[in-house]
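Trainee: Take a look at this one; I'll ask things after.
The values are calculated or read from the model by the stated rules, or taken from the named source; none is laboratory data. Just so it is clear, the structure is predicted and the values come from calculations on it, not from any experiment. Glycine also receives a Cβ, built like all others from the backbone with ideal geometry; neighbour counts cover every protein chain displayed.
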Amino acid sequence: MVKAGKLTEKAFQQQVIDLATLCGFRVYHTYDSRRCVAGFPDLVLVHRKRGLVVFAELKVGKNNLTPEQRGWLDDLEDCGASVSVWRPEDWSAIEALLTGRDS
């Protein structure tokens, strides 16, 4: 279980990546986004057997979406993609989605 206390976004992200990988997802994360278009989601998770693609933006603490992040998520969702904004306190829902228990 994820502890929401002083978890950094980097540590939270690694926990999500670890679980996604364990559950059979292919995981993409841009490690150095300084030369990329602003706002693209932190993670793209693909599970071919389940036919599932998830674009996930991760936030910890009181951090909120930037307008660029909201724009990307809205555009992706309007095109039918599954988008999520995940925080450590959402761990049970994250776990359910990644393990397939939400189906």
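Trainee: Failed condition for Leu22, given (1) surrounded by 11 or more Cβ atoms within 10 Å (Cβ to Cβ); (2) among the aliphatic types (A, V, I, L, M); (3) modelled with pLDDT of 95 or more, with all others met?
Mentor: (1)
Trainee: Still on this structure, I have one more. For the stretch 11-24, enumerate the residues that are under 13 Å from Leu45 (Cα atoms) and touching a helix residue (DSSP H, G or I) at 6+ places or on another chain (Cβ under 7 Å).
Mentor: Val16, Leu19, Ala20, Cys23
Trainee: If you go through the stretch 61-75 one residue at a time, do you hit one that is closer than 21 Å to Asp102 by Cβ and either touching a helix residue (DSSP H, G or I) at 6+ places or on another chain (Cβ under 6 Å) or surrounded by fewer than 16 Cβ atoms within 10 Å (Cβ to Cβ) (or both)?
Mentor: Scanning the stretch 61-75 turns up no residue that is closer than 21 Å to Asp102 by Cβ and either touching a helix residue (DSSP H, G or I) at 6+ places or on another chain (Cβ under 6 Å) or surrounded by fewer than 16 Cβ atoms within 10 Å (Cβ to Cβ) (or both).
Trainee: Suppose we filter the stretch 87-103 for residues that are assigned to a helix (DSSP H, G or I), within 18 Å of Val53 (Cβ to Cβ) and either touching a residue at least 12 places away in the same chain (Cβ under 8 Å) or touching a Gly at 6+ places or on another chain (Cβ under 6 Å) (or both); how many remain?
Mentor: 4
Trainee: Given the conditions (1) crowded, with 17+ Cβ neighbours inside 10 Å; (2) of a type outside the set (D, E, K, R); (3) touching a strand residue (DSSP E or B) at 6+ places or on another chain (Cβ under 9 Å), report the number of the one that Trp91 does not fulfil.
Mentor: (3)
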